[in-house]
1. Could you give the length gained by full extension between V12 and E31, i.e. 0.36 nm per residue of separation minus their alpha carbon distance, to one decimal place?
2. Please list the non-local residues whose amide H lies under 5 Å from the amide H of A110, H modeled 1.01 Å from N, same-chain partners needing a gap of 5 or more.
3. Quickly estimate the mean residue ellipticity at 222 nm for the chain, helices only: each DSSP H run with n ≥ 4 gives -39500 (n - 2.57), and the total goes over all residues, rounded to 500.
4. Amide H of G88 versus every other amide H placed in the peptide plane: which residues, excluding those fewer than 5 positions away on the same chain, fall under 5 Å?
5. Whole-Hz ³J(HN,Hα) for each residue in the stretch 123-128, computed from phi via Karplus 6.51 cos²θ - 1.76 cosθ + 1.60 with θ = phi - 60°, x for glycine and proline: what do you get?
6. Show the residues, 5+ positions off or on another chain, whose built amide H is closer than 5 Å to the amide H of A44.
7. Could you give each residue of the stretch 48-64 its phi-based ³J(HN,Hα) in whole Hz, using Karplus coefficients 6.51, -1.76, 1.60 with θ = phi - 60°, and x for Gly or Pro?
8. Grab the Cα-Cα distance for E103 and V61, subtract it from 0.36 nm times how many residues apart they are, and report the gain in nm with one decimal.
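Please treat every number below as a calculation from the coordinates, not as lab data. Predicted model only: the values in this text are computed from it and were never measured.
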Amino acid sequence: MAILDDRTLDFVSTSLPQTERLGIRLGELLEPRDVVCLSGELGAGKTALARGVGRGWGSPVRVTSPTFVLVNEYPRPSDGCILYHIDGYRLERTADIVTVGLEDILDGDAPVLIEWPEHIVDLLPPDRLWITLTYDSPTRRRMRLSAMGPRSTTLLTDFRKNAFGV
């Protein structure tokens, strides 16, 4: 783990279970209106990390890629709150964005995970946690977490303490 500054953290995951555990640690900390962007090529580990986030959030439903449905909702039984999981890859036209209700989701009070956020970056709130995942090998994934605003900086700081004790 490398702490580059108070807004950036680099980490190498050496297994799928470790990637999911990091997601759990992040999911435990999510609050309403948090936006977490998961960027990386196919196979980089975005959905594995998201799966952990969903577990940490408290959803009993297994997180899957929203590629074909564009938006998945994961309710938390303890309070009924919803975690939204969006696939930005196919949201390139205004009609697509309106159809899935992206603006309503981002303006709402739920936390949001977005895969392929680079496709809809102009619609994203300025305060967001951006996680770039890079495929190194079948067992290694590099992750760079970058906080872009005061709430995401707090989230990153809390995540660093929750996941690494630092």
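1. Result: 4.3 nm gained on full extension.
2. The list, which skips near neighbours in sequence, is R33.
3. One gets -9500 deg cm²/dmol as the mean residue ellipticity at 222 nm.
4. E115, W116
5. 8, 7, x, x, 8, 7
6. Here the answer is none, since no amide H 5 or more places off falls under 5 Å of that of A44.
7. Each residue's phi maps through the Karplus curve to give 4, 5, 4, 4, x, 4, x, 5, x, 5, x, 7, x, 7, 5, 5, 10 Hz.
8. Working: separation 42, 0.36 × 42 = 15.12 nm, distance 2.44 nm.
Contour length minus Cα-Cα distance gives 12.7 nm.
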